[in-house]
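**Q** Below is a structure I'd like to ask you about.
Values quoted throughout were computed directly from the atomic coordinates according to the rules given, and no laboratory measurement underlies them. Quantities reported herein were computed from a predicted structural model and do not represent experimental measurements. In this analysis, Cβ positions are derived from the backbone assuming ideal geometry, glycine residues included, and neighbour counts consider all displayed protein chains.
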Amino acid sequence: MTPDATCIGVNETALDATKKMTELGVGALPICGTNNRLKGMLTDRDIVVKVIGAGKDPAQVKAGDLAQGKAVTVGADDEAESILQTMSRHKVRRLPVIDGRTLVGIVAQADVARALPDPKVGDLLEAISA
């Protein structure tokens, strides 16, 4: 897990998000509301496809407008196997990690892969990439 995940606010723009991603060297940011509650995840791909590819101005599109449905999360105490199942079921490569109601980090596909035996890693990659 990458601890201390930096959020992009719902009212910040897609352009702000790209600047934060560049500065932090990451490809995704959690979207947090004004109450600091998790609203979703924003990926670099979301920005390329839903903003730039759709001909929208990244300086005008709000991060909150790109959040989709309820955020899929895992608990801080969840085992690697449980995280693998959640990633596979939802076909996601990154998950916000919640401790109670507090965002404490992001767990990525590579984090899970390092914690699992080789055959399970192959299953994860196949499930997410299919």
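**Q** Once label points are set 7 Å from the Cα along Cα→Cβ at both Q68 and A54, what is their separation, rounded to one decimal in nm?
**A** For Q68 paired with A54, the spin-label model returns 1.1 nm.
**Q** Turning to a different aspect of this structure: On a straight-distance basis, which lysines could pair with K91 in a cross-link, Cα separation under 24 angstrom, same-chain partners fewer than 8 positions away excluded?
**A** By straight Cα distance, K91 reaches K39, K50, K70, K120.
**Q** Quick one: V61, V49, V112, fewest Cβ neighbours within 10 Å first, how do they rank?
**A** V49, V61, V112
**Q** L24 to T6: extension gain in nm, 0.36 nm per residue of separation minus the Cα-Cα distance?
**A** Separation in residues times 0.36 nm, less the Cα-Cα distance, equals 5.6 nm.
**Q** Another one. As a test of the formula, what do you get for the chain when each DSSP H run with n ≥ 4 contributes -39,500 (n - 2.57) and the sum is divided by the residue count, at 222 nm and rounded to the nearest 500 deg cm²/dmol?
**A** -9500 deg cm²/dmol
**Q** Rounded to the nearest 5, what % of the DSSP beta bridges within the chain are antiparallel ones?
**A** Expressed as a percentage, antiparallel bridges in the chain total about 80.
**Q** Cut-off is 10 Å between beta-carbons; in what order do L15, L66 appear when sorted fewest neighbours first?
**A** L15, L66
**Q** Apply the Karplus curve 6.51 cos²θ - 1.76 cosθ + 1.60, θ = phi - 60°, to the phi angles in region 90-107 and return the couplings in whole Hz, x for Gly and Pro.
**A** 9, 6, 10, 9, 9, 9, x, 9, 10, 10, x, 10, 9, 6, 10, x, 10, 10
**Q** Tell me, what HN-Hα J-couplings in whole Hz come from the Karplus equation 6.51 cos²θ - 1.76 cosθ + 1.60 at θ = phi - 60° for each residue of region 29-39, using x for Gly and Pro?
**A** Values, residue by residue: 9, x, 9, 10, x, 5, 8, 6, 8, 5, 10 Hz.
**Q** Let me ask something else. Which angle from 0 to 90°, rounded to the nearest 10, does the C-alpha axis of helix 14-24 make with the longest principal axis of the chain?
**A** 50
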